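Enquirer: Here it is, the structure, as structure tokens.
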Amino acid sequence: METLTEIFDISIVVRVLSAVLLGFAIGLEREMTNKYAGLRTNILVCLGACVFTIISIYGFPMVSVTGDEFGTRDTARVAAQVVTGIGFIGGGTVLRHGATVFGLTTAATLWISASIGMACGAGMYGLAIIGTIFSIIVLVSVRMLEMNVLPSSTKLMKRLKVNLCVQTTKAEAAYDYVIEHYPELVEISKKFDKQTEELTKISVVLDVRGKDPIKNMYKKFQSLEGIESVSIQECKE
């Protein structure tokens, strides 16, 4: 009967564990910035790429006529399909709304997570660690550069969905205010609340730039006359 040490090869365990830890490091940055592909997605992508790479290396041995193992088949065959497969996952994170495209950074992050997982599966820990460190540096530092040095960059634009609940008598003024003060308006609609007969709901999708746009918009909308409630959500990557 096989012992646990024979079943669980320590080198394989180290490779899998390193993929989980490095995938966690990248996923943590994504989670802290409230992206849809966060901790679990990046960890699983990194781990999955690692497992497929290990299977590709050790899972398909060549067997001689006498039944003795003497090497392996093409070790790149399964691993190569990871590169193709991750493209489908990344493609699912990319969204387009009009002229604006969301999710490209998230897709690229999943791509680098998969490559780091493959490096762990191949036992190339140095490359995996360096790749993780530089990925996090790029994600964090470039975002800070865009915010502080390139404040007018279109990449700083955020798409927000705003729901206003306004007294019906003041609804027209609030509607006109939004159109006048937010030229980068994507869509706007106004619906009379038949139940209360005193309130009108205004739904707005618009693009804004700058630091803390949601906080600033709350202040502006709450100062309008007749506003009963304000709800603002960011359309995330």
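The values are calculated or read from the model by the stated rules, or taken from the named source; none is laboratory data. Because the structure is a prediction, the values reported are computed rather than measured. Positions of Cβ are backbone-derived with ideal geometry, glycine not excepted, and every protein chain shown enters the neighbour counts.
Enquirer: For the structure I just gave you, tell me whether I130 is in a helix (DSSP H, G or I), within 18 Å of the chain's Cα centre (by Cα), modelled with pLDDT of 90 or more and not assigned by TED's automatic domain parsing to the domain that holds T200.
Expert: Against the criterion (in a helix (DSSP H, G or I), within 18 Å of the chain's Cα centre (by Cα), modelled with pLDDT of 90 or more and not assigned by TED's automatic domain parsing to the domain that holds T200), I130 does not qualify.
Enquirer: Now for a separate question. Would it be correct to say that A25 is modelled with pLDDT of 90 or more and either part of a helix (DSSP H, G or I) or assigned by TED's automatic domain parsing to the domain that holds G121 (or both)?
Expert: Here the answer is yes, as A25 does meet what is asked.
Enquirer: What number of residues within the stretch 164-193 are farther than 16 Å from M217 by Cβ and under 30 Å from the mean Cα position of the chain (by Cα)?
Expert: Number satisfying all stated conditions: 2.
Enquirer: Something else now. Hydrophobic (A, V, I, L, M, F, W, C) and either modelled with pLDDT of 85 or more or in a strand (DSSP E or B) (or both) - does that describe any residue in the stretch 215-222?
Expert: Looking for residues that are hydrophobic (A, V, I, L, M, F, W, C) and either modelled with pLDDT of 85 or more or in a strand (DSSP E or B) (or both), one finds none in the stretch 215-222, hence no.
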